[in-house]
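Working notes, structure below.
Every read-out reported here was derived from the displayed coordinates using simple, explicitly stated rules and does not represent laboratory data. Fair warning: this is a prediction, and the values are worked out from it, not measured in the lab. Here Cβ is always computed from backbone atoms with ideal geometry, including for glycine, and neighbour counts include all displayed protein chains.
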Amino acid sequence: MSDQKVYVIANLVINDNDTYRIYEKGFFPLLKKYDGEFITFDNEAKHLEGEVKIEGRIIIFTFPSPENAENWFNDPDYQELAESRRASTVLKNLTMVKSLPSRN
């Protein structure tokens with residue numbers, strides 16, 4: 001297993017707050033199950049430059065390895081929960097970004 005930390009960045013537009021709250025309530029226990037840590041979210045990210053402005057919510061969280069992130073995403077319980085997110089949002093992207101490798 002890799003010890004390279006990864007960050008997950010999600011960008012979504014919430015269309016149904018009540019259904020999205022179901023997703024939020026179930027999200028954190030599943031994040032913890034895979035040693036994930038929530039970093040932040042922002043509903044009003046400031047666009048500084050570039051052709052495509054981000055709209056909606058940005059969410060950032062981290063896992064200790066790419067394997068943990070992939071196991072979280074592929075977990076059947078997460079996929080079942082994600083149906084609430086899919087029903088209540090437009091997902092612009094969900095991206096995994098590797099941290100810099102450690103310098104030994």
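Restricting segment 1-53 to residues that are in contact with a helix residue (DSSP H, G or I) (Cβ under 7 Å, 6 or more places away or on another chain) and assigned to a strand (DSSP E or B) leaves a set whose member that is nearest to ARG86 (Cα to Cα) is ILE14. Scanning segment 47-63 for residues that are more than 12 Å from the chain's Cα centre (by Cα) and either closer than 24 Å to LYS25 by Cβ or without any contact (Cβ under 8 Å) to a residue 40 or more places away in the chain (or both) returns HIS47, LEU48, GLU49, GLY50, GLU51, VAL52, LYS53, GLY56.
Listed here are the residues, each with its yes/no results for (1) in contact with a Phe, Trp or Tyr (Cβ under 7 Å, 6 or more places away or on another chain); (2) among the charged types (D, E, K, R); (3) closer than 30 Å to ARG103 by Cα.
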{"residue": "ASN11", "(1), (2), (3)": "no, no, no"}
{"residue": "ASP18", "(1), (2), (3)": "no, yes, no"}
{"residue": "ARG21", "(1), (2), (3)": "no, yes, no"}
{"residue": "PHE38", "(1), (2), (3)": "yes, no, yes"}
{"residue": "PHE41", "(1), (2), (3)": "no, no, yes"}
{"residue": "GLU51", "(1), (2), (3)": "no, yes, no"}
{"residue": "THR62", "(1), (2), (3)": "yes, no, yes"}
{"residue": "PHE73", "(1), (2), (3)": "no, no, yes"}
{"residue": "ASP77", "(1), (2), (3)": "no, yes, no"}
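Scanning segment 55-101 for residues that are surrounded by 15 or more Cβ atoms within 10 Å (Cβ to Cβ) and part of a loop (DSSP other than H, G, I, E, B) returns GLY56, PRO64, SER65, ASP75.
Filtered by the rule that a residue be touching a Leu at 6+ places or on another chain (Cβ under 7 Å), without any contact (Cβ under 8 Å) to a residue 60 or more places away in the chain and hydrophobic (A, V, I, L, M, F, W, C), segment 74-94 gives a lone residue, LEU81. Residues considered: ILE9, ILE22. Of these, the only one that is farther than 17 Å from LEU94 by Cβ and surrounded by 13 or more Cβ atoms within 10 Å (Cβ to Cβ) is ILE22. Find all pairs meeting these conditions: Cβ atoms under 6 angstrom apart; at least six residues apart or on different chains; first residue within segment 23-46 and without any contact (Cβ under 8 Å) to a residue 24 or more places away in the chain; second residue part of a strand (DSSP E or B). The qualifying pairs are PHE38/PHE61; THR40/ILE60; PHE41/ARG57; PHE41/ILE59; ASP42/ILE58; ASN43/ARG57; ALA45/ILE58.
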